[in-house]
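Undergrad: My questions all concern the structure below.
The values are calculated or read from the model by the stated rules, or taken from the named source; none is laboratory data. Keep in mind that what you see is a predicted model, and the values were worked out from it rather than measured. Every residue, glycine among them, receives a Cβ derived from its backbone with ideal geometry; neighbour counts consider all protein chains shown. Surface accessibility is based on the protein's heavy atoms, side chains included, excluding ligands, DNA and RNA. Shrake-Rupley method; radii C 1.70, N 1.55, O 1.52, S 1.80 Å.
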Amino acid sequence: MKIFKFFMLAILALSVVQCTNEGENDAQPEITTSSQQDVPSEVLSKLQSMGFDTDKTSIVITKGGYIVDGDIFFTEEALRENNLQKQAFFGIVDCNRAGNIRIQNALGNNAAGRGFQRGVNLWNNVNGTTLRLIPVTRNPDIVVRLARPGEIGGWGRGEFPTNGREGRLIVLNLNEPSIDGDAVTAREWGNILTHEIGHNIGLLHIEQSQFGTFVPGTPTFDRRSIMTSGSNPGVVFNANRVSNGDRRTVRRMYSNNNNRLCGR
Ligand SMILES: [Zn+2]
């Protein structure tokens, strides 16, 4: 199992650095280099202030920003933000925005498209939070679309919030087989989408929490978190719902409670 995991990681690492060509005017980041030495020192220190161990975390320079830890796209602007109070631990979507995030299913008629509603529901089903994702067919805040061939490695990629606004794009890669080698099912795509939406509303990988990036008052390690990184994809694939720790996290971030973290 260890060897298998290492193999999967190696594949992941290789596929992440695949190059891609694409059109101009689209939100799709273009991977230009994978050399960490080219990452500006202020970007590295910002990521360090967010708790990333930049010696051990993959950072890929791409069009308009950086892909960090495999599947999290940070815009240049997000990494220039100086609102440390807001970003000390994570990015937060403004409270009023988080209550009405318009999300569009642009996946088409395939297993991923059929899993879309589940991906949305797993967050909307958490009670005690003001976070709401509203499926729409026009004027979306978040577009969920298929990856173009070679655009990303792995199953999907989300985008961290920028300046109080949720990440704008999620891409899912239909060409990536499931962990058992079969095609990814609609249910599994739903779970993967839930993970990526987590990034778009400000969650990093749960493994980061051990190094200081965590939401205060929530578990520092949660082996059932839907926000586990690619090293443990089975948790994401097999989840029945988001974990208790994930629920506590979004309640702490987005709620009507006085101690909510959005809007501070
Ligand atoms: Zn992720």
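Undergrad: Does the stretch 184-197 contain any residue that is over 22 Å from Y66 (Cβ atoms) and among the acidic types (D, E)?
TA: The answer is yes, given that some residue of the stretch 184-197 is over 22 Å from Y66 (Cβ atoms) and among the acidic types (D, E).
Undergrad: Say we look at the stretch 154-171 and pick out the residues that are within 16 Å of the ligand (Cβ to nearest atom) and open to solvent by 10 Å² or more (accessible area, probe 1.4 Å); which of these is nearest to F73 (Cα to Cα)?
TA: Among residues in the stretch 154-171 that are within 16 Å of the ligand (Cβ to nearest atom) and open to solvent by 10 Å² or more (accessible area, probe 1.4 Å), the one nearest to F73 (Cα to Cα) is E159.
Undergrad: Now a separate question. Report, ordered by the first and then the second residue, all pairs with beta carbons closer than 9 Å, sequence separation of six or more or different chains, a first member in the stretch 117-130 that is within 15 Å of R102 (Cβ to Cβ) and in contact (Cβ under 8 Å) with a residue 60 or more places away in the chain, and a second member that is among the charged types (D, E, K, R) and open to solvent by 40 Å² or more (accessible area, probe 1.4 Å).
TA: Qualifying pairs under 9 Å: W123/R132.
Undergrad: So which of S243, S231 is modelled with pLDDT of 90 or more, touching a Lys or Arg at 6+ places or on another chain (Cβ under 8 Å) and on the phi < 0 side of the Ramachandran plot?
TA: It is S243.
Undergrad: I'm told D38 meets every condition in (1) touching a Gly at 6+ places or on another chain (Cβ under 7 Å); (2) modelled with pLDDT under 90; (3) surrounded by fewer than 18 Cβ atoms within 10 Å (Cβ to Cβ) except one. Can you identify the failing condition by its number?
TA: (1)
Undergrad: From the list F214, F221, F237, which residue is modelled with pLDDT of 90 or more and either open to solvent by 10 Å² or more (accessible area, probe 1.4 Å) or not in a loop (DSSP other than H, G, I, E, B) (or both)?
TA: F237
Undergrad: I'm trying to understand the selection: among the residues of the stretch 34-76, which are charged (D, E, K, R) and more than 17 Å from the chain's Cα centre (by Cα)?
TA: Hits for the stretch 34-76 are D38, E42, K46, D53, D55, K56, K63.
Undergrad: In the stretch 180-200, which residues are open to solvent by 10 Å² or more (accessible area, probe 1.4 Å), among the small types (G, A, S) and either touching a Lys or Arg at 6+ places or on another chain (Cβ under 7 Å) or within 14 Å of the ligand (Cβ to nearest atom) (or both)?
TA: Passing the criteria: only A186.
Undergrad: Okay, moving on. Scan the stretch 219-254 for residues that are of a type in the set (S, T, Y), more than 14 Å from the ligand (Cβ to nearest atom) and out of contact with any helix residue (DSSP H, G or I) (no Cβ under 6 Å at 6 or more places or on another chain) and jot them down.
TA: Passing the criteria: S243, T249.
Undergrad: Answer yes or no as to whether L174 is away from the ligand (no atom under 16 Å from the Cβ), in contact (Cβ under 8 Å) with a residue 40 or more places away in the chain and touching a helix residue (DSSP H, G or I) at 6+ places or on another chain (Cβ under 8 Å).
TA: Against the criterion (away from the ligand (no atom under 16 Å from the Cβ), in contact (Cβ under 8 Å) with a residue 40 or more places away in the chain and touching a helix residue (DSSP H, G or I) at 6+ places or on another chain (Cβ under 8 Å)), L174 qualifies.
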